[in-house]
Amino acid sequence: MAAHVIVLANRTAASPELVDALVRRGRRGPIVATLVMPAAGPGSAARTEAKARLDAALETWRKAGIERCDGVVCDPVPLEALTEVWDPMRHDEVVVCTLPGQSSRWVSSDLPASVARYTGVSVQHVVAHDPEDAPQTSPAPAHEKSPMGPLSVLSWGGKSA
């Protein structure tokens, strides 16, 4: 029998870190994964944006071999989103995927512990980077001074004979 795993994620839903964690979990035994994605805010535009991100994430999961998966866009508050879907008679474990450290409101609010208290099941916390945030690289700065820098003063005073 497959374990029913709820995955609570938003911007990190298609991240390599989360996909890797789900693949590793699937090696221990078959899983059925349900992605619970909080909307970015109230209103239909936020839900439409989240639905597009959810569909892309599920496609990434399927390409990685996580074939039994589905998802739903829920309330913008992550714990409220989970409560909309959580069924203790159906679900066996939860994966909470957050951004790293201080950049994550979910971490600062201690969401993984809140989910564990609410559900009473095993909660795995996966830390991942937002796949949409490409590393920002900038060109090397143009030198305003000569490449010799402070040593250029040695050439002051003109040519000697």
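By the count of neighbouring beta-carbon atoms within 10 Å, fewest first, 75, 87 end up ordered 87, 75.
Only Lys, Arg, Asp and Glu carry charge here, each on its Cβ (+1 for the first two, -1 for the last two); on that basis region 28-142 has a dipole of about 140 debye about its Cα centre.
Entry note, region 3-131: relative contact order of 33 percent, from Cα contacts under 8 Å with a spacing of 6+ residues.
Read-outs: derived from the displayed coordinates by stated rules, not from any lab. Note that the coordinates shown come from a computational prediction; the quantities given were computed from them, not determined experimentally. Every residue, glycine as well, gets a Cβ built from its backbone with ideal geometry; the counts of neighbours run over all protein chains shown.
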